[in-house]
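Peer 1: Here's a structure for you.
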Amino acid sequence: MSGDVPQKPKRARGSSPTLPAVGGEARRGRARGDEPTLMQPATTLVYRIVDAAELSRLQERGHRQFAPMEGAETIQLMVDEAQARLLAGPGWVTRLALRNDLLATYPRTGSPPREEIRVPSSDIAALNDAIVGPIVVLR
């Protein structure tokens, strides 16, 4: 029996193999990586603390854009979620994914965990254009 070669299990003609998917579910068809995909820009998750008025304006805009701010010089974006929650007080913490090309134009200030990015309020349109996906209200 030293010359025996293991045989592949046979499957019905015309059927495709069942492949394991992430999460343990089986899926049929092409192997992972063969799916057509859309190119997504490289992003970084950042956090912004908003008050009740800003939250209302965010809801009016379908959680896709921040409203222009009167009287504020900068928009502060926190890098660390836990620090944003700590500093929020009675406000809300929002999470957004921003394209890295926009983030590269603004320096980070502070040091971890209190690192933040300050965007001039005059650049709100560029900030809104760089948001990928919805703005999520965490708390």
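Peer 1: Across region 83-135, which residue is surrounded by the fewest Cβ atoms within 10 Å (Cβ to Cβ) among those that are of a type in the set (Ser, Thr, Tyr) and touching a strand residue (DSSP E or B) at 6+ places or on another chain (Cβ under 7 Å)?
Peer 2: Taking the candidates together, the pick is Thr109.
Peer 1: Out of the residues in region 103-130 that are farther than 15 Å from Gln76 by Cβ and of a type in the set (A, V, I, L, M, F, W, C), state the one that is nearest to the chain's Cα centre (by Cα).
Peer 2: That would be Ala130.
Peer 1: Something else about it: In region 107-139, how many are closer than 18 Å to Gln65 by Cβ, assigned to a loop (DSSP other than H, G, I, E, B) and out of contact with any Asp or Glu (no Cβ under 8 Å at 6 or more places or on another chain)?
Peer 2: Of the residues in region 107-139, 0 are closer than 18 Å to Gln65 by Cβ, assigned to a loop (DSSP other than H, G, I, E, B) and out of contact with any Asp or Glu (no Cβ under 8 Å at 6 or more places or on another chain).
Peer 1: Could you tell me which numbered condition Thr43 fails, if it satisfies all but one of (1) surrounded by 11 or more Cβ atoms within 10 Å (Cβ to Cβ); (2) of a type outside the set (Phe, Trp, Tyr); (3) at pLDDT 60 or above; (4) over 30 Å from Ala125 (Cα atoms)?
Peer 2: (4)
Peer 1: Here is a further query. Got a sec? Which of Leu58, Leu96 is of a type in the set (A, V, I, L, M, F, W, C) and outside any strand (DSSP E or B)?
Peer 2: After ruling out the rest, the residue left standing is Leu58.
Peer 1: Now, a different point. For region 61-85: of the residues being in a loop (DSSP other than H, G, I, E, B), over 18 Å from the mean Cα position of the chain (by Cα) and under 20 Å from Glu115 (Cα atoms), which is modelled with the highest pLDDT?
Peer 2: This residue is Glu73.
The values are calculated or read from the model by the stated rules, or taken from the named source; none is laboratory data. Quick caveat, the model's predicted, so the values are computed rather than measured. Here Cβ is always computed from backbone atoms with ideal geometry, including for glycine, and neighbour counts include all displayed protein chains.
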